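All remarks here apply to the structure that follows.
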Amino acid sequence: MELVLGLESTCDETGVALVRGNELVADVVASSMDEHARFGGIVPEVASRAHLEVFVPTVQEALHRAGQRLDDVDAIAVASGPGLVGSLTVGVAAAKALALALDKPLYGVNHVIGHAAVDQLVHGEFPDRTMALVVSGGHTSLLMVDDVATGVTELGHTLDDAAGEAFDKVGRLLKLPYPGGPHVDRLAREGDPEAIRFPRALTAPKDRERHAYDFSFSGLKTAVARWIEACEDAGREVPVADVAASFAAAVADVLVSKTLDACERHEVSTLVVGGGFSANSQLRDLAQARGAERGIDVRIPPLKYCTDNGAMIAALGSAVVQRGLEPSGLGIGVDSSMPLEVVRA
Ligand code: KG4
Ligand code: ZN
């Protein structure tokens, strides 16, 4: 089996991993999140510079942990989209330099599909038909995966905010530090998820027809903002834990109910949930519970493989190599809005 080096630099994490088949050999991640936190969002220029600074040491550390040398690498996979254009450019340039110097094949792969593919390293090869829900700060997409390397179809996506983005915005409303997602999650565990009935967008019968597998979270965020305002105007203290819990319950409910409906309609009995937002405990718990009720095997990778990492890119690269697909070649560019049906550039 080929040893695949995976490089991830789509946002603020520089991830480098080595995978052989479905076995993870080494995985190292460096993050520049601390440098962005004081700005309340990712600053692309800061992220690009951080990738540049840590790339070589991160590759060296991964090789060191694996007990391998660069010469031992058989193929190089890099996330060539979607993501921030400057960040992607650093990773793709590094990957091209390595491929040229080592005379090894180069594969540009899709970062979002990688969020699903990483689960193969943990729970084994996907069955022939698998549903994947990929949720992060930038994406909320439902993918039908007939083959992770050659057959991915997007069934639906968010029409506005991604789930993680909505959490970050509600975090701001609740005056929590950036990124708000994990803080809202923690607070929600202390509140009553039924205290406030927030709207479940695109679940009415008419929307179920047109937008069966699409999501929308911007109206929900506005509903939370209005609710907090009304509470403050009335001079009442905002019950922050109940607001967080009721909001988190609304997000998890919509994600899980639409996704499980898609599984049933497509006669798929395995669901993979991936992406930074799959770290969310309300989503993890609800997906496992409702999946069990409906006879659907729900696979969610451990937390460290949910946020951006090199293992997911090496995993997807390894799947592409195993299928014998042509390398992308040194001519590839970056695609900040790479379509989700394109696995390999
Ligand atoms: O995939 P990711 O690391 O980066 C991209 O957006 O590509 O996802 C990060 C997003 C952020 O919006 C973050 O707030 C959210 O995922 N997030 C969470 C949790 N952990 C991360 N949101 C809710 N609950 C969490 N536990
Ligand atoms: Zn991501």
Could you work out how far helix 240-265 tilts from the main Cα principal axis of the chain, as a 0 to 90 degree angle to the nearest 10? 60
Angle in degrees between helix 281-293 and the longest Cα principal axis of the chain, rounded to the nearest 10: 90
Percent of accessible area on the chain owned by carbon and sulfur, 1.4 Å probe? 51
Residues of the chain: accessible area per residue with a 1.4 Å probe, Å²: 41
Separation between the SER336 and PHE39 pseudo-spin-labels, each 7 Å from Cα along Cα→Cβ, expressed in nm? 1.3
Peptide ranges 258-266, 9-17 listed from the most packed, as the mean C-beta count within 10 angstrom indicates: 9-17, 258-266
For ASP74 and THR150 in one chain, what is 0.36 nm times their gap in residues minus the Cα-Cα distance, to one decimal in nm? 25.3 nm
Beyond 32 Å, what share of the Cα-Cα pairs of the chain remains, rounded to the nearest whole percent? 30
To test your reading of the geometry: what angle, between 0 and 90 degrees and rounded to tens, separates the Cα axis of helix 163-173 from the longest principal axis of the chain? 50
Which of GLY21, GLY124, GLY274 ends up with the largest GNM mean-square fluctuation for the chain, with Cα atoms connected below 10 Å? GLY124
Please give me, ordered by residue number, the trypsin sites (Lys or Arg not before Pro) of segment 1-97 that lie in loop per DSSP and have at most 11 other Cβ atoms within 10 Å. ARG38, ARG69
Once GLU264 and SER218 are pulled to full extension, the length gained, defined as 0.36 nm per residue separation minus their Cα-Cα distance, is 13.8 nm
Quick calc: nm separation of the 7 Å Cα→Cβ label points for GLU326 and GLU2 -> 1.5
Dipole of segment 200-284 (Lys/Arg Cβ +1, Asp/Glu Cβ -1, origin at the Cα centre): which of CYS231, ALA245, ASN280 lies farthest to the positive side? ASN280
In cubic angstrom, how much convex hull volume per residue do the alpha carbon atoms of segment 125-305 span? 116
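The values are calculated or read from the model by the stated rules, or taken from the named source; none is laboratory data. Note that the structure is predicted; figures quoted are calculated from it, not measured. With ideal geometry, Cβ positions are generated from the backbone for all residues, glycine too; neighbour counts draw on all protein chains shown. Just so you know, the surface numbers come from the protein's heavy atoms only, side chains and all, with ligands and any DNA or RNA stripped out. Shrake-Rupley method; radii C 1.70, N 1.55, O 1.52, S 1.80 Å.
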